[in-house]
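Structure, as structure tokens:
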Amino acid sequence: MTTEEHVVLVDDDGRALGTAPKTLVHGRETPLHLAFSSYVFDQEGRVLLTKRADHKITWPGVWTNSCCGHPLPEEPLDRAVVRRLSYELGLTAESVDLMLPTFAYRAVMANGIVEHELCPVYRVMVDSPVAPNPDEVGETCWMPWKEFAEGAQNGLLAISPWCREQVPLLTELGCDPLTWQPAAFSDLPPAARL
């Protein structure tokens, strides 16, 4: 018997309020909950983009950053990043660095389904081939960061709403993603400081 996965609900100040089943938090009244986004890079500074599987509840078939997910209750965010990268893309992280500790967004799909997440953003370095899990990922593509960032910011690429908001914030960290300076762990919201 498998246990239903839960997510951490948070208030506007990033404090944990409790948990809820993951299957119940993505709807028309989605409560604010803890998540993460990650951008995977190779040694050449290319970013790994993924196309969400067509059967995903939120933004199916849409191109986005490398991997997103939710930490389990009492799971440190960086471990959640490593866990989901392995599950979704068959990747082993060489390094996981916090970049945008307080990123949050709310986005509404045309059908009324809402994403509402406190979603710290991570840079991950890998040196291994991608093995996408078809349950999660439809396609993958490596792209030079500069080309991706320019296309995303100029509306030339159709990408997820959270990715569209994150890219300008990441470009403020510098033009070379391999030299971005990580944020401090203490800058994470309280619910994420495990």
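Quick notes
- Taking a straight Cα-Cα cut-off under 14 Å and skipping sequence neighbours fewer than 8 places away in the same chain, the aspartates and glutamates within cross-link reach of K56 are E88, E115, D135, E136, E139.
- About the Cα centre, charge dipole magnitude for region 6-102 (Lys/Arg +1, Asp/Glu -1 at Cβ), debye: 380 debye
- Label corresponding to Cα extents along the principal axes in Å when calculated from the structure given, among (1) 41, 37, 35; (2) 56, 47, 35; (3) 75, 34, 31: (1)
- Between helix 77-89 and the chain there is an angle of about 70 degrees, using the helix long axis and the longest principal axis of the Cα atoms.
- Positive dipole terminus of region 9-105, leading residue within H55, L24, Y87 (C-beta point charges): H55
- Solvent-accessible heavy-atom area per residue, rounded to whole Å², over the chain at 1.4 Å: 48 Å²
- When each of the peptides 113-123, 93-103 is scored by the mean number of other C-beta atoms lying within 10 Å of its residues, the order from highest to lowest reads 113-123, 93-103.
- Measuring nothing but how far apart in sequence close Cα pairs (under 8 Å, 6+ apart) lie, relative to its length, the chain scores a relative contact order of 27 percent.
- Between 0 and 90°, nearest 10: helix 161-171 axis offset from the chain longest Cα axis: 50 degrees
- Net charge contributed by nearby residues that have their C-beta within less than 14 Å of H116 (K/R +1, D/E -1): -3
- Selection of trypsin sites (Lys or Arg not before Pro), region 1-96, meeting DSSP coil and at most 12 other Cβ within 10 Å: R15, R28
- Here the dipole of the chain is about 260 debye; that uses its Cα centre as origin and unit charges on the Cβ of Lys and Arg (positive) and Asp and Glu (negative).
- L34 - accessible surface, heavy atoms, 1.4 Å probe, Å² rounded to 10: 0 Å²
- Per-residue SASA entry for C68, accessible area with 1.4 Å probe, Å² rounded to 10: 30 Å²
- Each Lys and Arg Cβ is given +1 and each Asp and Glu Cβ -1; about its Cα centre, region 92-194 then shows a dipole of about 280 debye.
The values are calculated or read from the model by the stated rules, or taken from the named source; none is laboratory data. All values derive from a computational prediction rather than experimental measurement. Cβ atoms come from the backbone with ideal geometry, glycine included; neighbour counts cover every protein chain shown. Only protein heavy atoms, including side chains, enter the accessible area calculation; ligands, DNA and RNA are left aside. Shrake-Rupley method; radii C 1.70, N 1.55, O 1.52, S 1.80 Å.
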